[in-house]
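The values are calculated or read from the model by the stated rules, or taken from the named source; none is laboratory data. Worth saying up front: this structure is predicted, and the values here are computed from it rather than measured. Quick reminder, even Gly has a Cβ in these numbers, built from the backbone with ideal geometry, and neighbours come from all protein chains shown.
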Amino acid sequence: MHKITMLGTGLIGMFYTMTLHGLRSRDQVQVVYSRTAERAQKFAADWNIPHYTTDMDAAINDPDTDVVVVGLPNNLHERAILAAAQAGKAILCTKPLARTAAEALRILRAVEKAAVFHGYLEDLVYTPKTLKAIKSVQNGALGKVLWARSRETHPGPHSDWFWDKEQSGGGAIIDMGCHCIEISRSFIGKAVKPLEVMCWADTQVHPIEAEDSAVGLVRYASGAIGQFEVSWTFRGGMDLRDEVSGTEGTIWLNHWLRTGFDLFTSVGEGGYVAEKAEGTTGWMFPVGDENGALGYVEMFADMLNALDSGKKPVEDFYDGYVVNTIMDAALLSAKTKQWQPVILEDWRGDAESNTDGVLRDYDDQHYLIKEEKMPDGRVKLILKEKAGGKVVQKVV
């Protein structure tokens, strides 16, 4: 059984606590910290948490807790994590790990120096659909992964600090691009090095300093491309979709707007519909189990099981650091309008690049480019000569 200190009483703190306390879990939040006493007291009462405080250091150093969960605004992550590492606590931190790669690297070095358990709470990598899809890719169902696209768009975040560039570190890229980048990494392979990024970003709607929309391409050493699409201007709820293409197959995932639960009402639903839902009348798409659909259940199970067994979780602070380096490159590319290299001061994956195409023999003289069945039942082959490289076709 783990006794947990929860730092933060916002939406993410609520989802985390709801998940940890769900299904009669043996792991319980014992201390909650908020920057305001009123919110701390209410949160503790709502979730039956014995102790609450507005003193972050006291919450972290509580002698009865062994795990610290960081669900705070981005500008407070480093301070909280360094204090928790010094206290010798296991640390779980929400996404993004930090506002910049430099900040993330300091965090990573601090937890590794302290030799404490660390887990990166990237929930969208843990959705049941995503876990199943990743396993299919790892089993070879798609062959060589060529392209992974991840999209998250909605009308904008709930809390004021997200919209403040100093506190958040950026706009939609920092808020949601971190999800999309890590999802693509999980499909392409986290041992494959990200090389460079091309990104468009703009502030299309909101009167803020940071970007509210962005599209980016990340080129990997394998030749694969990771594509992210993020926006705080999308109307109609939250759109979470992923696509993966390989030499032997394709995966399409729709996590939110098309859940298999469609509801029409002319009078109103009379309650909560789903995160980022914009209305309570007309056609709506409720989610039966948000914690499960968003990956929180599997995520905390992986984190706490790994902690118990002394193993590395699927996502740790090194993953968060890599994501931050890619986001740094994306933000710079958006300014320069050019490809920007991903600066990884600490790379722990594969050293070799592999950008060659997949060569499949047809016979001793030819590679097979494509095979297709024609309307008359015959088969057309597009072939490449091994000797001269000439492309030819053959009908059999």
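Some values worked out for this structure:
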item: Residue count for segment 30-60, restricted to those that are in a loop (DSSP other than H, G, I, E, B) and surrounded by fewer than 18 Cβ atoms within 10 Å (Cβ to Cβ); result: 6
item: Test result for G288, over 22 Å from R106 (Cα atoms), out of contact with any strand residue (DSSP E or B) (no Cβ under 9 Å at 6 or more places or on another chain) and assigned to a loop (DSSP other than H, G, I, E, B); result: yes
item: Long-range neighbours under 8 Å by Cβ, at least six apart or interchain, first residue within 18 Å of G22 (Cα to Cα) within segment 265-294, second in a loop (DSSP other than H, G, I, E, B) and among the charged types (D, E, K, R); result: V287/E275; E290/E275; L294/E275
item: One residue from T100, T65 being at pLDDT 95 or above, among the β-branched types (V, I, T) and farther than 15 Å from T5 by Cα; result: T100
item: 1 or more residues exposed (fewer than 15 other Cβ atoms within 10 Å of the Cβ): qualifying strands (runs of 3 or more DSSP E) within segment 193-283; result: 194-202, 250-254, 263-265
item: Yes/no for L20 being crowded, with 18+ Cβ neighbours inside 10 Å, assigned to a loop (DSSP other than H, G, I, E, B) and either among the acidic types (D, E) or not assigned by TED's automatic domain parsing to the domain that holds E275 (or both); result: no
item: Segment 22-61, residues that are under 19 Å from E275 (Cβ atoms) and modelled with pLDDT under 95; result: G22
item: Tally of residues being among the acidic types (D, E) and either within 25 Å of A172 (Cα to Cα) or part of a strand (DSSP E or B) (or both) across segment 63-99; result: 1
item: Test result for K311, within 41 Å of the chain's Cα centre (by Cα), basic (K, R) and farther than 14 Å from Y220 by Cα; result: yes
item: Complete set of residues in segment 100-136 that are surrounded by 19 or more Cβ atoms within 10 Å (Cβ to Cβ), part of a helix (DSSP H, G or I) and touching a strand residue (DSSP E or B) at 6+ places or on another chain (Cβ under 6 Å); result: V111, A133
